[in-house]
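Asker: Quick one: the structure is below, questions incoming.
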Amino acid sequence: MAVDYSGTWDMVSNVNFEGYMVALGIDFATRKIASMLKPQKVIEQDGDCFTIKTFTTFRNYEFSFKIGEEFKEVTKGMDNRSCQTVVSWDNHKLVCVQKGEKKNRGWIHWIQGDELHLELTCEDRVCKQIYKRTL
Ligand code: VL7
């Protein structure tokens, strides 16, 4: 395995999370709370099988997938929509497409040095987050 995402990662930067949440239709009050959060990601990777847990003091989200297998994802605790979701490798990047009511929805993860990068897209909004490994 050329790249291993496993580990515990703490958010260090979050650009345009507001725009991403607006695109998802998240209400004002929830956006104000969510914008203050510093999520922690716990990723378990076994070959092509992943579990990504996103923890905050407000809400948590857990999501498991196998590369190339499309399944129904319900974004519970976020915008509570159903998507047909599939994650693929693009070289060492993890590319997720979330087909559903929202156009152009998905995310990309990659590792750069000791950083985990995440780009979240919905419609014309892109949020860019960076995480560092917990020491
Ligand atoms: C993306 C949340 C905003 C509602 C709560 C905010 C709590 C934490 O898609 C994500 O991760 C992928 C890639 O790592 C794996 O599932 C999580 C979080 C964006 C969208 C919606 C605000 C309310 C957020 C659970």
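The values are calculated or read from the model by the stated rules, or taken from the named source; none is laboratory data. Being a predicted model, the structure only gives us computed values, none of them experimental. No Cβ is skipped: glycine too gets one built from the backbone with ideal geometry, and neighbour counts run over all protein chains shown. Quick note on the areas: whole protein, heavy atoms, side chains included, nothing else; ligands and nucleic acids left out. Shrake-Rupley method; radii C 1.70, N 1.55, O 1.52, S 1.80 Å.
Asker: Given DSSP loops and a limit of at most 14 other Cβ atoms within 10 Å, what is the longest stretch of the chain that contains no such trypsin sites (Lys or Arg not before Pro)?
Answerer: Numbers: sites that count: K76, K103.
Longest run free of exposed loop sites: 1-75.
Asker: Let me know the charge dipole size of the chain about its Cα centre in debye, to the nearest 20, where only the beta-carbon of Lys, Arg (+1) and Asp, Glu (-1) is charged.
Answerer: Details: 19 positive and 19 negative charges, 92 e Å.
In total the dipole reaches around 440 debye.
Asker: Which of the listed residues, S13, T75, V97, is farthest toward the dipole's positive end in region 7-128, when Lys, Arg count +1 and Asp, Glu count -1 at the beta-carbon?
Answerer: T75
Asker: Which translational diffusion coefficient, to the nearest whole µm²/s, is obtained for the chain from the Stokes-Einstein equation, given a Kirkwood hydrodynamic radius over C-alpha pairs, 10 °C and 1.306 mPa s? Mind dumping the intermediate values first?
Answerer: Working: Rh = 15.2 Å.
In µm²/s, the coefficient rounds to 105.
Asker: In whole Å, what is the distance between the alpha-carbon centres of region 17-48 and region 63-95?
Answerer: Cα centres, region 17-48 to region 63-95: 15 Å.
Asker: Turning to a different aspect of this structure: With the other protein chains left in place, how much accessible area per residue, in square angstrom, belongs to the chain at a 1.4 angstrom probe?
Answerer: Working: 7420 Å² over 135 residues.
In whole numbers, the chain has 55 Å² accessible per residue.
Asker: Cut-off 10 angstrom, C-alpha nodes, Gaussian network model of the chain. Which of C49, C83, C96 fluctuates the most?
Answerer: Its mean-square fluctuation being the largest, the pick is C49.
Asker: Please state the charge dipole magnitude for region 39-78, taken about the Cα centre, from unit charges on C-beta atoms (+1 on K and R, -1 on D and E), reported in debye and rounded to the nearest 20. If you can, show how the numbers build up before the last one.
Answerer: Details: 6 positive and 7 negative charges, 62 e Å.
Here the size comes out at about 300 debye.
Asker: Can you give me the % of accessible surface on the chain that is carbon or sulfur? Probe 1.4 Å, all protein chains present, nothing else counted.
Answerer: Numbers: 3850 of 7420 Å².
Exposed carbon and sulfur together represent 52 percent of the surface.
Asker: Go through E101, E18 and list them by solvent-accessible area, largest first, probe radius 1.4 Å.
Answerer: Working: E101 135, E18 70 Å².
Result of the area sort, largest leading: E101, E18.
Asker: Further question on the same structure: At most 15 other Cβ atoms within 10 Å and a DSSP loop assignment: could you name the GluC sites (Glu not before Pro) in region 25-76 that fit? It would help to have the intermediate numbers written out before the result.
Answerer: Numbers: sites: E44, E62, E69, E70, E73; in loops: E69, E70.
When the GluC sites (Glu not before Pro) of region 25-76 are filtered for loop state and at most 15 Cβ neighbours within 10 Å, E69, E70 remain.
Asker: Just how much of D27 is accessible, in Å², when a 1.4 Å probe is used and the result is rounded to the nearest 10?
Answerer: 80
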